[in-house]
Amino acid sequence: MTDDTKSSNAMWGGRFAAGPDAIMEAINASISFDKRLYAQDIRGSRAHAAMLAATGILSNKDAEAIGEGLLTVLSEIEAGDFPFSTALEDIHMNVEARLKEIIGEPAGRLHTARSRNDQVATDFRLWVRDQADAAIEALTALMKVLVAQAEKGAGWVMPGFTHLQTAQPVTFGHHMMAYVEMFARDRSRFEDARKRMNECPLGAAALAGTGFAIDRHMTAAALGFDRPAANSLDAVSDRDFALEFLSASAICAVHLSRMAEELVIWSSAQFRFVSMSDKWSTGSSIMPQKRNPDAAELIRAKIGRVLGAAVALFTVMKGLPLAYSKDMQEDKEQVFDAADTLMLALAAMTGMIADLTVNTEKLEAAAANGFSTATDLADWLVREAGLPFRDAHHVTGTLVALAEKKGCDLPDLSLAEMHEVHPALNQSVYAVLGVHNSVASRQSYGGTAPDQVRAQVARWKGLLG
């Protein structure tokens with residue numbers, strides 16, 4: 001053994017006893033992860049066999065044997081009794097090899113008029129479509145619990161923030177409904193992507209179609225697709241459906257991360273706006289007084305994995321020539337992980353929001369701090385005193401500076417002190433300085449007024465069913 005060979009074996013370690021052949025098998029095989037496509041693979045094969053029989057390419061007897069044999073394979077996999085083989089590379093060859101053991105020679109006819117290229121494109125598209133449906137369902141569940149919290153908190157006053165500084169009073173219900181709108185956009189992105197991905201690649205074969213008189217519309221309909229993909233080159237090389245799924249997932253994970261961050265802040269000892277139940281919190285190994293919002297923190301971090309998956313697949317697909325390239329084997333692990341991550345995060349967020357306890361007294365006390373009704377004071381000067389808004393803004397800023405100097409809030413200033421700043425101020429100004437009056441006045445469509453919040457709650461309850 002040469003020094004170079006020793007060096008190579010050291011790099012391989014003890015795992016690759018057979019040298020380069022074993023390494024090629026390891027890098028080429030995808031069965032370790034694409035076995036997740038087994039149900040879609042078997043469903044596609046059964047639809048293909050039925051079509052081959054309907055078009056006279058395959059005998060009814062062989063098609064029946066294939067269909068029954070595939071159901072046997074399905075039951076073995078679901079029971080955990082299926083011996084997956086790395087030597088057989090992928091889920092397609094593993095299923096077909098086992099089918100041959102079960103039914104013999106007819107199994108060899110199943111692959112007529114198709115290729116692993118259109119087979120994997122179909123399997124993967126079916127799987128991603130199922131995940132889009134699952135994401136839509138999970139988002140609907142999350143939106144429902146947000147609407148329920150919004151309905152309870154339509155009149156609960158809290159501080160609204162910009163730059164994480166107190167800006168104006170809003171209602172808790174209004175804040176919850178903001179996330180309903182956010183997650184509704186996520187849901188619509190998955191719905192939109194699902195429409196575009198619902199074209200069937202099966203029958204495109206390797207890249208050029210097939211000379212057999214197949215019925216691609218039949219297989220597309222059997223698998224729940226709207227239509228067959230119109231171009232065979234595009235059908236086997238397209239992974240836009242996976243990229244769109246990952247893009248929608250990444251945006252959704254951003255929204256989940258933003259909400260998780262607010263829950264972390266709100267549940268802190270410094271805020272105490274909300275409490276999360278013990279189901280979604282953990283204790284400290286050394287500090288017995290602590291309740292850590294670990295579930296929220298983990299959701300906050302999940303965007304890293306989902307966005308990373310999107311970047312990885314975009315990078316894989318960049319610059320690939322038509323049609324199929326082996327690079328595309330690297331499409332699945334990222335999508336699988338992103339889908340698992342997103343579904344777990346959605347389920348956890350739904351549970352946390354459903355169990356959330358809101359400290360309304362803390363919310364209201366915080367809403368009254370930080371000169372949150374300064375804009376209401378400026379608006380009063382415009383309406384009642386006829387000042388241009390910029391002048392009203394200046395007067396209000398002067399009053400805020402005075403209150404800061406005195407260490408009090410705007411409602412604590414005396415009328416005499418206000419008169420010194422501007423003579424148009426009178427006793428009625430104090431009515432707009434209360435946080436409840438402030439939120440009640442925000443009656444514009446989409447505003448924070450309790451009536452507006454309840455109207456949006458009613459609208460979404462009707463839409464969500």
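The values are calculated or read from the model by the stated rules, or taken from the named source; none is laboratory data. From a predicted model like this one, the values you see are computed outputs, not experimental measurements. For neighbour counting, all protein chains shown are included, and Cβ atoms are generated from backbone atoms with ideal geometry for every residue, glycine included. Heads up: the accessible areas ignore ligands, DNA and RNA and are worked out on the full protein's heavy atoms, side chains in. Shrake-Rupley method; radii C 1.70, N 1.55, O 1.52, S 1.80 Å.
Treating r as the C-beta distance of Arg383 and Lys362 and R0 as 30 Å, the FRET efficiency rounds to 0.40. Taking all protein chains into account, the per residue accessible area for the stretch 27-109 stands at 46 Å² (1.4 Å probe).
Taking Cα pairs under 8 Å and at least six residues apart, what relative contact order does the stretch 371-454 come out at, in percent? Please report the intermediate quantities before stating the final value.
Values: 85 pairs, mean separation 23.1, N = 84.
Reported relative contact order: 28 percent.
Under 5 Å between amide hydrogens, built in the peptide plane, is the criterion, and for Val170 it picks out Met158, Gly160 among residues at least 5 positions away or on other chains. Taking amide H positions as modeled 1.01 Å from N, with prolines and chain starts lacking one, the residues under 5 Å from Ala449 and 5 or more places away or on another chain are Arg442. Each residue of the stretch 181-187 is assigned a 3J(HN,Hα), and the resulting list reads 4, 5, 6, 5, 5, 4, 4 Hz, derived from the Karplus form 6.51 cos²θ - 1.76 cosθ + 1.60 (θ = phi - 60°), x at Gly and Pro.
Annotation: amide H-H contacts under 5 Å for Cys200 (H modelled 1.01 Å from N, sequence separation of 5 or more, or interchain): Arg227, Ala229.
Cross-linked pairs Lys195/Lys326; Lys35/Lys461; Lys144/Lys362; Lys195/Lys279: Cα-Cα separations exceed 30 Å for Lys35/Lys461; Lys195/Lys279. The HN-Hα couplings worked out from phi for the stretch 357-362 by the Karplus form 6.51 cos²θ - 1.76 cosθ + 1.60 (θ = phi - 60°) are 10, 9, 8, 5, 5, 5 Hz, whole numbers, x standing for Gly and Pro.
Using only the Cα atoms of the stretch 120-272, build the gyration tensor, take square roots of its eigenvalues as a ≥ b ≥ c, and label the shape rounded, prolate or oblate: rounded if a/c is under 1.5, else prolate if a/b is larger than b/c, else oblate.
Working: a/c = 4.41, a/b = 3.18, b/c = 1.39.
Because a/c hits 1.5 or more and a/b exceeds b/c, the stretch 120-272 counts as prolate.
Separation of the stretch 309-335 and the stretch 429-445, taken as the distance between their Cα centroids, equals 54 angstrom. Ordered from highest to lowest accessible area with the whole protein assembly present and a 1.4 Å probe, Lys195, Lys326 read as Lys195, Lys326. Taking the charge dipole of the stretch 56-125 about its Cα centre, with +1 at Lys and Arg Cβ atoms and -1 at Asp and Glu Cβ atoms, the residue from Val95, Thr122, Ser75 reaching farthest to the positive side is Thr122. Evaluating 6.51 cos²θ - 1.76 cosθ + 1.60 at θ = phi - 60° for every residue in the stretch 295-305, the Karplus couplings come out as 4, 5, 5, 5, 4, 4, 7, 4, 4, x, 6 Hz, glycine and proline recorded as x.
Check each of the chymotrypsin sites (Phe, Trp or Tyr not before Pro) in the stretch 195-286 and keep only those in coil by DSSP with at most 11 other C-beta atoms within 10 angstrom; list them in order.
Values: sites: Phe212, Phe225, Phe241, Phe245, Trp266, Phe271, Phe273, Trp280; in loops: Phe212, Phe225, Phe271, Phe273.
Filter output for the stretch 195-286: empty list.
Taking the C-alpha atoms only, the angle from helix 116-152 to the longest principal axis of the chain is near 20 degrees.
Checking a compactness column here: for the stretch 371-454, what do you get for Rg(Cα) / (2.2 N^0.38 Å), N being the number of residues?
Working: Rg = 13.1 Å, N = 84, 2.2 N^0.38 = 11.8 Å.
So the Cα radius of gyration is 1.10 times the expected 2.2 N^0.38 Å.
Per the 1.4 Å probe, what fraction of the accessible area of the chain, in percent, lies on carbon and sulfur atoms? Show your work: numbers first, answer last.
Numbers: 11720 of 21940 Å².
The computed percentage sits at 53.
Any idea what angle helix 332-355 forms with the longest principal axis of the chain, computed on alpha-carbon atoms, 0 to 90 degrees, nearest 10? Computed tilt is about 40 degrees.
Normalised per residue, the accessible area of the stretch 302-360 is 43 Å², obtained with a 1.4 Å probe and no contribution from ligands, DNA or RNA. Enter the angle in degrees (range 0 to 90, nearest 10) between the Cα long axis of helix 450-464 and the first principal axis of the Cα atoms of the chain, meaning the one along which they spread out most. Once rounded, the angle reads 10 degrees.
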